[in-house]
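Worksheet: one structure, shown below.
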Amino acid sequence: MSLKRILKLMLTYFIGQGVAVITQLIVPPLFLHFYGNGLEVYGEWVALSAAISYLGTLNYGIQTYANNQTTILYNRGQVEEAKSVQASAVRLLLIIIGIFMAFGSLVFFLPVADWLRLKHTSPHDAALTVLLMVAQMCIIMPWSLFTNSYMVVGKLARGNNWANAQRLCTVFATATAILLHGSFPAIAAAQLGSYLIFLVLLLIDIRRTAPILLPSLRYGSWKEVSTILKPSGHFVLISLAGFLTWQGPVLLTQRVLGPGAVATFQLVRMVFQFSRQILSIASFSLGQDITMLVGKRDWPGLRRLYDLSERVVIFLIPVVSIGCLLICPFLFSVWLHKRDIYNPVLCLLMAVISGVLAIKEHKTQFQQSSNKHEELSLFAIAGYSVMLVISFFAMQAYGLQGFLYTWLGWEIIQTAYIVHLNVKLFPAEMHISISPVLRLFAFMAVAFGVAIWPTFADVHWPIWLDVAVAAGFTFVLSAAGYFFFGVAEVRELVQSKLSRRLAPTA
């Protein structure tokens with residue numbers, strides 16, 4: 001376990017989340033202010049994007065498995081085998097890209113606008129936007145494979161820096177297209193151009209700094225391609241489960257409640273994505289070291305990483321989730337100038353869901369980064385499918401609240417199952433306790449119980465009081481959680497390593 005590598009990677013994830021925040025702060029208000037019926041136009045853009053954004057799930061499975069396996073083999077000294085996995089993955093991606101573009105051209109013969117009940121977008125523009133987004137997905141496939149391949153040589157932070165730069169460029173390209181009142185196809189074309197430019201620059205950088213990562217198709221084999229398919233397919237199922245979690249509800253809401261409800265749901269969820277993304281940084285930063293430790297079969301080191309990281313994540317969850325909940329009226333007032341969008345019940349439910357998602361994603365990271373994900377994939381895809389079916393009826397009866405209650409119930413069940421898989425990941429003699437998770441749920445029950453009154457009352461408070469109460473709650477929860485979850489040991493470890501690193505040499 002390398003603390004320096006983890007902290008360096010964590011910094012790149014913080015920057016990445018900053019870029020995501022910039023995206024979320026800039027793009028929705030531009031839609032709302034520069035288009036007539038801005039709320040509905042934005043809702044249609046979200047629905048249209050959701051319709052095809054998860055075509056990249058195939059790439060997610062291939063690049064995640066291939067980069068994990070390449071890293072494991074490379075760290076065991078099996079360089080030829082590592083190159084074979086990488087080259088075979090590229091072969092497979094090229095086949096998928098060809099299929100996507102061939103079928104993508106058929107979109108002009110499909111009633112996309114009617115399916116999504118689009119009122120402000122012509123059928124031709126809807127079809128062209130989908131085709132451009134399909135092309136974008138085809139560029140994202142090799143882009144993701146190559147940026148994440150830096151993990152093989154322990155330099156994933158460099159790949160993340162490239163990804164962050166590309167996302168920032170895409171944000172400004174999108175914003176420019178919106179400011180010029182561009183059509184949906186114009187916005188999609190601006191995003192596609194950004195990916196094309198950065199893919200070329202990335203390959204130049206790989207050739208200069210880590211030529212071993214440049215794929216050579218001669219190392220690949222069709223036999224290896226067939227070997228990749230099954231484990232990659234399980235990663236695809238996990239990503240499809242993500243589609244059912246994030247894009248599926250958007251499409252369902254569009255059909256049941258209309259674009260206005262889609263926009264409201266997306267904006268509320270986006271606020272809590274801020275908190276979820278902050279919390280996910282601690283978990284995602286572990287992925288590289290988890291894979292390398294599994295490659296070296298260093299189980300004590302992996303157990304130590306599991307324990308210390310769990311304390312940090314569990315400490316942060318109530319602090320960030322409740323802090324974000326209480327600052328919601330301020331955010332809607334200052335960010336969107338639409339304080340009336342603030343719905344205390346929706347925001348409270350999203351805050352609880354964000355907390356459960358955070359602990360689930362931390363546990364999931366250990367399964368995915370070790371390529372021990374098969375059982376999880378089947379459980380997740382089946383569960384989210386059932387969740388959406390139940391949500392259809394719950395949404396008809398109770399609106400957005402019906403979906404959120406259903407979503408929360410399923411995430412709690414899934415979190416319990418993933419903790420069970422974590423126990424199986426380690427050798428039998430290394431006991432994995434579930435008591436930290438139980439302590440988290442007990443702490444959250446008390447913390448959210450106390451936060452209920454200001455959640456409903458602060459809609460009538462002045463903005464300065466919203467901020468003051470949110471800051472006060474955050475401070476109190478931080479102090480209580482620091483002692484309750486035993487974070488002192490993590491702080492002492494970090495201080496010790498930093499002291500040794502900064503100590504003057506003899």
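The values are calculated or read from the model by the stated rules, or taken from the named source; none is laboratory data. Note that the structure is predicted; figures quoted are calculated from it, not measured. Every residue, glycine among them, receives a Cβ derived from its backbone with ideal geometry; neighbour counts consider all protein chains shown. The accessibility values were calculated without ligands, DNA or RNA, using every heavy atom of the protein model including side chains. Shrake-Rupley method; radii C 1.70, N 1.55, O 1.52, S 1.80 Å.
Within the range 324-337, does at least one residue satisfy the condition of being in a helix (DSSP H, G or I), among the β-branched types (V, I, T) and surrounded by fewer than 21 Cβ atoms within 10 Å (Cβ to Cβ)?
The answer is yes, given that some residue of the range 324-337 is in a helix (DSSP H, G or I), among the β-branched types (V, I, T) and surrounded by fewer than 21 Cβ atoms within 10 Å (Cβ to Cβ).
Just to be sure before I move on: is S149 surrounded by fewer than 20 Cβ atoms within 10 Å (Cβ to Cβ), assigned to a helix (DSSP H, G or I) and of a type in the set (S, T, Y) in the structure I sent?
Here the answer is no, as S149 does not meet what is asked.
Condition check ((1) among the charged types (D, E, K, R); (2) over 19 Å from the mean Cα position of the chain (by Cα); (3) open to solvent by 20 Å² or more (accessible area, probe 1.4 Å)) across all residues:
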| position | (1), (2), (3) |
| --- | --- |
| V345 | no, yes, yes |
| L348 | no, yes, yes |
| I353 | no, no, no |
| L357 | no, no, no |
| E361 | yes, no, yes |
| Q396 | no, yes, yes |
| G402 | no, yes, no |
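A82 is checked against (1) surrounded by fewer than 21 Cβ atoms within 10 Å (Cβ to Cβ); (2) modelled with pLDDT under 85 and fails just one. What number does that condition carry?
(1)
Here is a check on your reading of the model: is A188 part of a helix (DSSP H, G or I), at pLDDT 85 or above, over 30 Å from T291 (Cα atoms) and open to solvent by less than 10 Å² (accessible area, probe 1.4 Å)?
In short, yes.
So which residues in the range 201-210 are open to solvent by 80 Å² or more (accessible area, probe 1.4 Å) and not β-branched (V, I, T)?
The answer is R207, R208.
In the range 215-224, what residues are surrounded by 13 or more Cβ atoms within 10 Å (Cβ to Cβ) and closer than 28 Å to L132 by Cα?
P215
Quick check on G383: is it within 17 Å of L252 (Cβ to Cβ), without any contact (Cβ under 8 Å) to a residue 24 or more places away in the chain and part of a helix (DSSP H, G or I)?
Answer is no for this residue.
Out of F456, F441, F483, report the one residue that is part of a helix (DSSP H, G or I), farther than 15 Å from I317 by Cα and at pLDDT 85 or above.
Selected residue: F456, the only one of F456, F441, F483 that is part of a helix (DSSP H, G or I), farther than 15 Å from I317 by Cα and at pLDDT 85 or above.
Check whether at least one residue in the range 124-131 is of a type in the set (D, E), within 30 Å of G287 (Cβ to Cβ) and part of a helix (DSSP H, G or I), and report yes or no.
Checked against the condition, which is being of a type in the set (D, E), within 30 Å of G287 (Cβ to Cβ) and part of a helix (DSSP H, G or I), the range 124-131 yields no hits at all.
When you go through S433, S391 one by one, which is the residue that is in a helix (DSSP H, G or I), over 16 Å from G355 (Cα atoms) and open to solvent by less than 60 Å² (accessible area, probe 1.4 Å)?
Only one candidate passes the filter, namely S391.
Yes or no: the range 256-278 includes at least one residue that is outside any helix (DSSP H, G or I) and closer than 30 Å to G399 by Cβ.
Yes, the range 256-278 contains a residue that is outside any helix (DSSP H, G or I) and closer than 30 Å to G399 by Cβ.
If D340 satisfies every condition in (1) buried (at least 20 other Cβ atoms within 10 Å of the Cβ); (2) among the charged types (D, E, K, R); (3) over 24 Å from A445 (Cβ atoms) but one, which is the exception?
(1)
Starting from the range 68-80, keep only residues that are farther than 13 Å from K155 by Cβ, then list their pairs with residues that are outside any helix (DSSP H, G or I) whose Cβ atoms are within a distance under 7 Å, requiring at least 6 positions of separation or different chains.
N68/N371; Q69/N371
Please indicate, with yes or no, whether at least one residue in the range 292-304 is surrounded by 23 or more Cβ atoms within 10 Å (Cβ to Cβ) and in contact with a Phe, Trp or Tyr (Cβ under 6 Å, 6 or more places away or on another chain).
no
Could you tell me whether L229 is part of a helix (DSSP H, G or I), under 29 Å from Q86 (Cα atoms) and either under 15 Å from the mean Cα position of the chain (by Cα) or at pLDDT 75 or above (or both)?
Against the criterion (part of a helix (DSSP H, G or I), under 29 Å from Q86 (Cα atoms) and either under 15 Å from the mean Cα position of the chain (by Cα) or at pLDDT 75 or above (or both)), L229 does not qualify.
As an exercise: evaluate I26 against (1) at pLDDT 75 or above; (2) among the aliphatic types (A, V, I, L, M); (3) under 19 Å from A261 (Cβ atoms) and give the number of the one condition it does not meet.
(3)
Among (1) under 29 Å from L73 (Cβ atoms); (2) of a type in the set (K, R); (3) open to solvent by 40 Å² or more (accessible area, probe 1.4 Å); (4) touching a residue at least 12 places away in the same chain (Cβ under 8 Å), which single condition is R311 missing?
Single failed check for R311: (1).
Of all residues in the range 457-499, which are within 29 Å of the chain's Cα centre (by Cα) and open to solvent by 70 Å² or more (accessible area, probe 1.4 Å)?
Scanning the range 457-499 gives F475, V476, F484, R491.
Which residue, of T176, T121, is in a loop (DSSP other than H, G, I, E, B) and either buried (at least 20 other Cβ atoms within 10 Å of the Cβ) or in contact (Cβ under 8 Å) with a residue 12 or more places away in the chain (or both)?
Result of the check over T176, T121: T121.
Residues in the range 377-384: is at least one more than 15 Å from T245 (Cβ to Cβ) and out of contact with any Gly (no Cβ under 7 Å at 6 or more places or on another chain)?
Yes: the range 377-384 contains one or more residues that are more than 15 Å from T245 (Cβ to Cβ) and out of contact with any Gly (no Cβ under 7 Å at 6 or more places or on another chain).
Quick one: is I413 assigned to a helix (DSSP H, G or I), modelled with pLDDT of 85 or more and over 20 Å from R269 (Cα atoms)?
Yes, satisfied.
Report whether or not T406 is free of Cβ contacts under 8 Å to residues at least 60 places away in the same chain, in contact with a Ser or Thr (Cβ under 8 Å, 6 or more places away or on another chain) and either within 16 Å of V352 (Cβ to Cβ) or outside any helix (DSSP H, G or I) (or both).
So T406 fits the description; yes.
Counting just the residues of the range 263-291 that are among the polar types (S, T, N, Q) and in contact with a Leu (Cβ under 6 Å, 6 or more places away or on another chain), which one comes out surrounded by the fewest Cβ atoms within 10 Å (Cβ to Cβ)?
This residue is S285.
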